Amino acid sequence: MTRLVNRRAGCLQVFGLATQVLSFLGALSLLSSSGAYAEDKPKAKPEDGQPVSYAKDIKPIFQTHCHGCHQPAKRGGDYVMTTFDGLLKGGESGEAAVVPGKPDASELIEQITPMNGQAEMPKGKPPLSEDQLSLVKRWIAEGAKDDSPASTRPQFDMEHPPVYSAPPVITSLDFSGDGQYLAVSGYHEVLVHKADGSGLAMRLVGLSERIESAVFSPDSKWLAVTGGSPARLGELQIWDVAAKTLKFSTTVGYDTLYGVSWSPNQKFVAFGCPDNTVRAFDVESGKQVFFNGAHNDWVLDTAFSVNGDHVLSVSRDMSMKLFHFETQRFIDNVTSITPGALKGGLNLITRHPAKDELLTGGSDGTPKIFKMVRDKARQIGDNSNQIREFAAMPGRVYSVAYSRDGNRIAAGSSLDGKGEIRIYDANDGKQLMRVEVPSGGVYSVVFSVDGNTLAAAGFDGMVRLYRTNDGGLIKEFFPVDVQPAKVAAAGN
């Protein structure tokens, strides 16, 4: 069966399977109402007398503890648990992992049952709780039925990437530091192009339906990705770029993740969550090493300090916050805390390449630069950490970027279905370039390594490369082939 994806205006259509409607207001769910899970735990177990539901009770356990290793992009022991057939079938041992009605004959139970306090699965992590293990056994004993809606079942993997009937809304762009690649967010995947736009180099297909951020490590060897499946799971992915393989994946919470950033030493990645938390994971071990819930609304972007000892974040709660990384402590509000001083949430944050100065943008349409550490006693009504404010742009600012030398900044905005791109002098605030994009909002901008090119993309799914000296268009292209002709055929 041909599967076609249409993700125009925030709508996702998977023909032949089901139709889902995913809101895409403001590219980063900035306009949708808040409401995420505050804790990473499976949902409540079924009431007495009710059968165990795979979709509601069992799958959340596997998503949290197992899918990071046992998925198509990273097959742990050739065992794929993200598809129901694969879950039953098992891995390299050749034995059925799940025998419906017979938990004692199911190899999965043997693998997840701890001996002397440790189980084979999850590998290298604490075993499932007694309640979780009991729930899995009960589900198998009741026949191991799959009651998942068709729309929630995995449809794509590296061997079967999405087929697009319309360009994807692009929420993230990033040039690799070695100048080779441009990472473009797609649907269920990151599309890695040659940096000059001359062709698609690789497609990195993972579990997440929505990709919110994709950022290369400083040495360009790794690509960190945050996203998820709205109202179902959040996911952090780390890809080995050269090998085109998934180093690890971990699920966090039950909604999409935002704003991934790398520590300078490349050992850690931080990101924001819709449960109002900032988190960071160790890239080598895949373990969470930082957690703080000081924000009062969704956390949309993060950045590390120059030496990596602090993490900063911005949120829909209109604040930029500073944390000490090692102790996980909240230190200070970088932005003003005076009621009414800020107008709307902050969407983006990026650090100066060599200084602890933070560039941000958000609902008020005005890019601003703040110093990280306060050097004056706080006064009611002050905003003393602000260094510079740039000319306001139309609508909301959805993306900001520093050039590699730190001398210029770029910003992209959206208002009434139109986008705008500007480049400013970072030192005196002078506007150097302005380009209008009539076909949709601009949700991501990034400078090339040499600073001569600015890549921009957003609602219309077109990647545009501009000369930074005069704003001239170098090239524009869709990041993936679009096959609209098959949409009509699939609907007949």
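Among what's in segment 120-132 and is within 20 Å of GLN288 (Cα to Cα) and touching a helix residue (DSSP H, G or I) at 6+ places or on another chain (Cβ under 6 Å), pick the residue that is surrounded by the most Cβ atoms within 10 Å (Cβ to Cβ). Write out each step before concluding.
Filtering segment 120-132 down to residues within 20 Å of GLN288 (Cα to Cα) leaves 121-129.
Still in the running and touching a helix residue (DSSP H, G or I) at 6+ places or on another chain (Cβ under 6 Å): 121-122, 128.
Details: MET121: 21, PRO122: 19, LEU128: 23.
Result: LEU128.
Going through ARG210, ARG203, ARG232 one at a time, which residue ends up being over 29 Å from GLU326 (Cβ atoms), basic (Lys, Arg) and under 11 Å from the mean Cα position of the chain (by Cα)?
ARG210
I'm trying to understand the selection: among the residues of segment 249-266, which are closer than 30 Å to ALA354 by Cα and in a strand (DSSP E or B)?
Initially, segment 249-266 is screened for residues closer than 30 Å to ALA354 by Cα, giving 257-266.
Result: TYR258, GLY259, VAL260, SER261, TRP262.
Yes/no per residue for (1) among the hydroxyl-bearing types (Ser, Thr, Tyr); (2) under 30 Å from ASP481 (Cα atoms); (3) in a loop (DSSP other than H, G, I, E, B):
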residue: VAL98; (1), (2), (3): no, no, yes
residue: GLN111; (1), (2), (3): no, no, no
residue: PRO122; (1), (2), (3): no, no, yes
residue: PRO127; (1), (2), (3): no, no, yes
residue: VAL136; (1), (2), (3): no, no, no
residue: ILE140; (1), (2), (3): no, no, no
residue: ASP146; (1), (2), (3): no, no, yes
residue: ALA166; (1), (2), (3): no, yes, yes
residue: VAL169; (1), (2), (3): no, yes, yes
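I need a count of the residues in segment 84-101 that are exposed (fewer than 14 other Cβ atoms within 10 Å of the Cβ) and either under 28 Å from ALA150 (Cβ atoms) or of a type in the set (D, E, K, R) (or both).
Counting residues in segment 84-101 that are exposed (fewer than 14 other Cβ atoms within 10 Å of the Cβ) and either under 28 Å from ALA150 (Cβ atoms) or of a type in the set (D, E, K, R) (or both) gives 3.
Quick check: anything in segment 381-392 at negative phi, under 20 Å from the mean Cα position of the chain (by Cα) and either not in a strand (DSSP E or B) or not assigned by TED's automatic domain parsing to the domain that holds SER185 (or both)?
If we filter segment 381-392 for residues that are at negative phi, which is where we start, we get 382-392.
With under 20 Å from the mean Cα position of the chain (by Cα) added as a condition, the list becomes none.
Scanning segment 381-392 turns up no residue that is at negative phi, under 20 Å from the mean Cα position of the chain (by Cα) and either not in a strand (DSSP E or B) or not assigned by TED's automatic domain parsing to the domain that holds SER185 (or both).
Could you tell me which residue of segment 348-374 is farthest from the chain's Cα centre (by Cα), considering only residues that are assigned to a loop (DSSP other than H, G, I, E, B) and under 18 Å from ASP309 (Cα atoms)?
ARG374
Considering only residues that are assigned to a loop (DSSP other than H, G, I, E, B) and among the basic types (Lys, Arg), look in segment 403-444 and name the one that is surrounded by the most Cβ atoms within 10 Å (Cβ to Cβ).
Taking segment 403-444 and keeping what is assigned to a loop (DSSP other than H, G, I, E, B), we get 403-407, 416-417, 426-430, 438-441.
With among the basic types (Lys, Arg) added as a condition, the list becomes 404, 430.
Working: ARG404: 16, LYS430: 11.
Ranking the qualifying residues of segment 403-444, first place goes to ARG404.
Tally up the residues in segment 289-322 that are surrounded by fewer than 24 Cβ atoms within 10 Å (Cβ to Cβ), of a type in the set (Val, Ile, Thr) and in contact (Cβ under 8 Å) with a residue 24 or more places away in the chain, please.
Qualifying residue count for the region: 1.
Among (1) surrounded by fewer than 17 Cβ atoms within 10 Å (Cβ to Cβ); (2) under 22 Å from LEU300 (Cβ atoms); (3) not hydroxyl-bearing (Ser, Thr, Tyr), there is one condition ILE369 misses while meeting the rest; what is its number?
It is condition (1) that ILE369 fails.
The values are calculated or read from the model by the stated rules, or taken from the named source; none is laboratory data. These numbers come from a predicted model, not from an experiment. Using ideal geometry, Cβ is built from the backbone for each residue, glycine included, and neighbour counts are taken over all protein chains shown.
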